[in-house]
1. Figure the gain on full extension for Lys125 and Arg160 (residue separation times 0.36 nm, minus the Cα-Cα span) and round it to one decimal in nm.
2. Among Ser179, Ser24, Ser164, which one moves the most in a GNM of the chain with springs linking Cα atoms closer than 10 Å?
3. For a footprinting-style exposure proxy, rank Thr93, Thr137 by other Cβ within 10 Å, fewest first.
4. What shape does the range 24-88 have by the C-alpha gyration tensor, where a ≥ b ≥ c are the square roots of the eigenvalues, rounded means a/c under 1.5, and otherwise prolate means a/b greater than b/c and oblate the rest?
5. From the P(r) of the chain, can you give the percent of Cα pairs sitting at distances over 27 Å?
6. What full-extension length gain, to one decimal in nm, is calculated for Leu83 and Leu2 as 0.36 nm per residue of separation minus the Cα-Cα distance?
7. Under 8 Å for C-alpha pairs, at least 6 residues apart: give me the relative contact order for the range 2-249, rounded to a whole percent.
8. If packing is taken as the average count of other Cβ atoms within 10 Å, what order do 7-17, 41-51 fall into, highest mean first?
Amino acid sequence: MLFLAAAFFVTAALYASVGFGGGSTYTALLTLGGVGYETLPMVSLICNIIVVSGGAFRYIRAKQVDWPRVLPLVLVSAPLAWLGGLTPIQQETFTLTLALALLTAGLLLLFQREYEDESKPIRTKVSPFDYLAGAGTGYLAGLVGIGGGIFLAPILHLTRWGNSRTIAATACLFILINSLAGLGGQFMKLGTSGTVVAFTSYWPLALAVLVGGQIGNFASLKLLSQAMVRRVTALLILYVSGQLLWRLAG
């Protein structure tokens, strides 16, 4: 638990410094730590909420959120994140879904610069594809305990949603709302006893991300560039997805 808490602290500090929650890395670390698949999504979502709450407040206060475009996106994704959290799932199916989701997220992060086309003009309207992306990402986020920003941000970059800061603000709010919705679904699925176990067994992780997130938010921690954070996270996620797929094959 001490190693996990230290790793969660560093992850929260780095991600909070650029406005994200680090849910994908939490999930990867919990998977490596052997945490049960029933509890894993709830722990990851709780940590996500703790970290991105400060970032969302910061972006809203700085008026970086494009509300006319962000609201339709989250209004579509949030109910599906709740439904994903509520959906019963077998361990094998959960593991396969998580492995494929992490594999996709890792590749998107690793090769983000290669598929961005900065020559295209920035969009000003919400497209039907945005609703589809929000709905699918929301459901997946609630199902496996990932806030969804790691999927959404590369898509928004690819489709020229806005500049880097606008996309970061959008992804941060998206993570917060979908994590809350997914957590609600997970709570209804696990019940009170399962929720109590998640809180009592893993509260040091919540404390670690609370402290780390505050440092990242208010001290503007810049130990690594956004590009470096993205690459390190991508490699870790790809490693974990490979381990999960190997176990399933065995």
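1. Details: separation 35, 0.36 × 35 = 12.60 nm, distance 1.08 nm.
Length gained, Lys125 through Arg160: 11.5 nm.
2. Ser164
3. Numbers: Thr93 13, Thr137 27.
The fewest-first ordering by Cβ neighbours comes to Thr93, Thr137.
4. Details: a/c = 3.53, a/b = 1.60, b/c = 2.20.
Oblate shape, in that a/c is at least 1.5 and b/c is the bigger or equal ratio.
5. Working: 8853 of 31125 pairs.
Tail of the P(r) past 27 Å holds 28 percent of the pairs.
6. Taking 0.36 nm per residue and subtracting the Cα distance, the gain is 25.9 nm.
7. Normalised by residue count, the contact order of the range 2-249 is 40 percent.
8. Numbers: 7-17: 25.5, 41-51: 28.6.
Ranked from most to least packed, the peptides come out as 41-51, 7-17.
No lab work stands behind these numbers, since they all come straight from the coordinates. This is a predicted model, so every value here is computed, not measured. Methodologically, a virtual Cβ is constructed for each residue, glycine included, from the backbone with ideal geometry; neighbour enumeration extends over all protein chains shown.
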